[in-house]
Amino acid sequence: MPIRPLLQVLRSVLGAGLLAANLAAQETIKIGEFASLTGKEAVFGQNAHKGTLLAIEEVNAAGGVLGRQLELITEDNQSKAGESATVVKKLISRDKVVALIGEVSSGRSLEAAPIAQQAKIPMLAPAATNPKVTQTGNYIFRVCFIDPFQGTVMAKFAKEDLKAKRVAILSSVSNAYSLGLAKFFKETFVPAGGEIATEKNFSEGDKDFRAQLTAVKAANVDAVFVPGYYTESALIVRQARDLGLTMPFFGGDGWEDEQLLKIGGEALNGCYYSTHFSAENTDPVVAAFTAKYKARWNGELPGAFSALGYDAVYVLADAIKRAGGTEGPKLRDALAATKDFPGVSGTTTIDKDRNASKSATIIALKNGKATFHKTVSP
């Protein structure tokens, strides 16, 4: 071939290669998020989403990851059973996401986890605390502590801080989170010398708890453990006060939301719950995050799920950097190797079971406000 045509061919090939390289550099890294943005637990999902979105915006403003912008594709499961499986299949097969962030609910995380595992797409749960979530498979991770730790924390709190010897438990039979937390609480409280005087059940969506509370009143207990979500928990405490029950009620991170106080009001004074984060914490990292969150979301204070959604993005972004790409197996290995990663909800180290080892925060409810009480280390 003559020299001039050969040079033209080479220029054409090189130009096409450079164009392809530029296009590859401009391609976004698609991250799927499934959350309860509407429906019964919408406040949980919205808070987590706001933290997630804030982190995505910050990462992109700082140049993205590996020279590429992150693209968050969010699907609403409407707080409905079965819907998470549907939207996660769509995120994986149609949207081609490289990783998933979700869910706050353990039950809905358990629906999605087998699908992510089969597709070998890493899934990072911000706040699903049931141990079974990560037991689904080696592509499933979380950035929060788990229920055995939370149950242990609250059992020790009941015994040592509340000085409770006899405790009643009210748990939701339709909620894997609630049943799990009740189980782990008992496994610590009873061997430590405590007594479960009575244990009653309810279902999600119930509004009348007077029958269960009448049994609690007859049992003459020192405190009542309610490992439920904020709506039912707040109604339970209100109705308990109406029946003359004055002892402390306490729960887990399912109580974590401003709606708890809106529903329960002054009846919640003297109650406690465990969670992952408090905006009142004076740690500089927490204070900086709280300021940024308030600026982004019109003065709204971040809650625990906001902080965990935010941390989930940064843990994932760090893993993508260390993996040097987004291939499922490499990204999975990088997530599994996460150690001492600093976040707003604490330092995250992923253990051999793909769970995060980190501290719990105890919140006290008094004078109609949620107040930072203490931090409990693993």
Quick one: in the stretch 60-96, which of the residues that are in contact (Cβ under 8 Å) with a residue 60 or more places away in the chain and assigned to a loop (DSSP other than H, G, I, E, B) is surrounded by the fewest Cβ atoms within 10 Å (Cβ to Cβ)?
Lys96
Under 6 Å by Cβ, and 6 or more places apart or on different chains, what pairs join a residue from the stretch 359-370 that is within 19 Å of Gly151 (Cα to Cα) with one that is surrounded by 14 or more Cβ atoms within 10 Å (Cβ to Cβ) and β-branched (Val, Ile, Thr)?
Ala360/Val153; Ala360/Val376; Thr361/Thr275; Ile363/Thr275
Please report, ordered by residue number, the helices (runs of 4 or more DSSP H) entirely within the stretch 254-370 with at least 3 residues that are over 21 Å from Glu71 (Cα atoms) and open to solvent by less than 50 Å² (accessible area, probe 1.4 Å).
258-264, 284-296
The one condition Val104 fails out of (1) in contact with a Leu (Cβ under 9 Å, 6 or more places away or on another chain); (2) closer than 25 Å to Ala323 by Cα; (3) not polar (S, T, N, Q) is (2)
What pairs can you find where one residue is in the stretch 150-174 and on the phi > 0 side of the Ramachandran plot, the other is open to solvent by 10 Å² or more (accessible area, probe 1.4 Å), and their Cβ atoms are less than 8 Å apart, with a gap of 6+ or different chains?
Lys163/Asp222
Glu33 being open to solvent by less than 50 Å² (accessible area, probe 1.4 Å) and either within 21 Å of Pro131 (Cα to Cα) or acidic (Asp, Glu) (or both):
yes
Is it the case that some residue within the stretch 215-224 is without any contact (Cβ under 8 Å) to a residue 40 or more places away in the chain, in contact with a helix residue (DSSP H, G or I) (Cβ under 6 Å, 6 or more places away or on another chain) and either in a helix (DSSP H, G or I) or crowded, with 21+ Cβ neighbours inside 10 Å (or both)?
no
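The values are calculated or read from the model by the stated rules, or taken from the named source; none is laboratory data. Computed from a prediction, not measured in an experiment: that's the story for all the values here. With ideal geometry, Cβ positions are generated from the backbone for all residues, glycine too; neighbour counts draw on all protein chains shown. With ligands, DNA and RNA removed, areas are computed over all heavy atoms of the protein, side chains included. Shrake-Rupley method; radii C 1.70, N 1.55, O 1.52, S 1.80 Å.
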